[in-house]
Each structure stands twice: as C-alpha cells, then as structure tokens.
C-alpha cells in the first residue's frame with residue numbers, strides 16, 4: 001500500500017463526511033431582503049396624469065406619438081416636452097413620461113431624457129425593450 005492510495009482514501013473519507021454533514025444540516029433561518037426604495041418615484045401616478053412614451057433609438061433620435069414624430073436631438077425633445085406640459089396644464093392634467101429605450105441604445109441617450117424630465121419636474125419611468133424581428 002503506497003502513499004498515493006492512502007491519500008485517495010483520505011480524500012474519499014473527507015468527501016463522505018462533507019456530504020454527510022450537508023445532508024443532515026438544517027437551514028432554519030430565512031432572511032428577507034427589502035428592495036431599495038426609489039428617491040425620485042412618487043407614491044403613485046395621479047389619476048389625472050397623462051403618460052407620454054418617448055422612445056430612445058441607438059442613433060440618438062427620440063420617436064414620440066407612436067413613432068409618428070421623431071425628434072432629432074435633446075433640444076427638440078425639451079421643446080416638445082415644454083409644449084406638452086403647457087397643453088396638459090391648460091387641460092388641468094399632469095404629465096408623466098415613460099422612457100422606452102432600445103436594448104442597444106447607449107445609456108447616455110436614455111439618461112439625457114431622464115435629465116430633461118428631472119429639470120422640468122416631470123415624473124418618469126424607464127423601460128428597456130428588445131423587439132424580435134420576424
């Protein structure tokens with residue numbers, strides 16, 4: 001009986017003991033983890049809020065109104081949002097924005113929309129979508 005066979009038997013015994021301890025041990029305590037709370041989100045969207053969906057494309061354009069209008073840069077987007085804010089203010093409704101970024105759009109473009117919304121005081125949410133082509 002050589003040293004190699006003794007070492008193999010020692011490893012076998014350690015693994016058998018390890019699996020034995022794992023099999024008979026009990027996991028008795030459960031820990032609940034509370035997700036972090038957003039500092040920007042309000043407690044809920046008001047009943048009279050109107051949501052505008054702003055798309056974010058990978059080329060830096062922002063389609064709105066279901067893609068019927070494409071805003072080429074952040075200055076056009078800011079002007080569009082100001083116009084919509086005035087429109088909804090006259091109607092007595094609050095404006096909310098849903099940012100819907102393509103999966104391959106650079107993060108900077110989505111953050112640009114979020115920054116404009118924050119500066120204008122508009123509630124916002126963010127979606128990242130990947131559309132499957134046929």
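With the structure loaded, tell me whether residue 25 is modelled with pLDDT under 85, surrounded by 10 or more Cβ atoms within 10 Å (Cβ to Cβ) and over 21 Å from the mean Cα position of the chain (by Cα) or whether it fails that test.
no
Can you name every one of the strands (runs of 3 or more DSSP E) wholly within region 59-134 that holds 3 or more residues which are closer than 15 Å to residue 49 by Cα?
Where strands (runs of 3 or more DSSP E) fall fully within region 59-134 and carry at least 3 residues being closer than 15 Å to residue 49 by Cα, they are 94-102, 123-129.
For region 42-57, state whether one or more residues are modelled with pLDDT under 85, surrounded by 10 or more Cβ atoms within 10 Å (Cβ to Cβ), touching a helix residue (DSSP H, G or I) at 6+ places or on another chain (Cβ under 6 Å) and closer than 30 Å to residue 120 by Cα.
The answer is yes, given that some residue of region 42-57 is modelled with pLDDT under 85, surrounded by 10 or more Cβ atoms within 10 Å (Cβ to Cβ), touching a helix residue (DSSP H, G or I) at 6+ places or on another chain (Cβ under 6 Å) and closer than 30 Å to residue 120 by Cα.
Looking at (1) out of contact with any strand residue (DSSP E or B) (no Cβ under 7 Å at 6 or more places or on another chain); (2) surrounded by 15 or more Cβ atoms within 10 Å (Cβ to Cβ), which one does residue 79 not meet, given that it meets all the others?
For residue 79, the failing item is (2).
Using the structure shown, decide if residue 55 is assigned to a helix (DSSP H, G or I), touching a strand residue (DSSP E or B) at 6+ places or on another chain (Cβ under 6 Å) and touching a residue at least 40 places away in the same chain (Cβ under 8 Å). Before you say what the answer is, go through the steps one by one.
Values: assigned to a helix (DSSP H, G or I): no; touching a strand residue (DSSP E or B) at 6+ places or on another chain (Cβ under 6 Å): yes; touching a residue at least 40 places away in the same chain (Cβ under 8 Å): yes.
Judged against the criteria, residue 55 is not a match.
Kindly list the number of the only condition in (1) surrounded by fewer than 18 Cβ atoms within 10 Å (Cβ to Cβ); (2) modelled with pLDDT of 90 or more that fails for residue 71.
(1)
The values are calculated or read from the model by the stated rules, or taken from the named source; none is laboratory data. The shown structure was predicted, so the numbers you read here are calculated from the model rather than taken from an experiment. Positions of Cβ are generated from backbone atoms using ideal geometry, with glycine treated the same way; all protein chains shown enter the neighbour counts.
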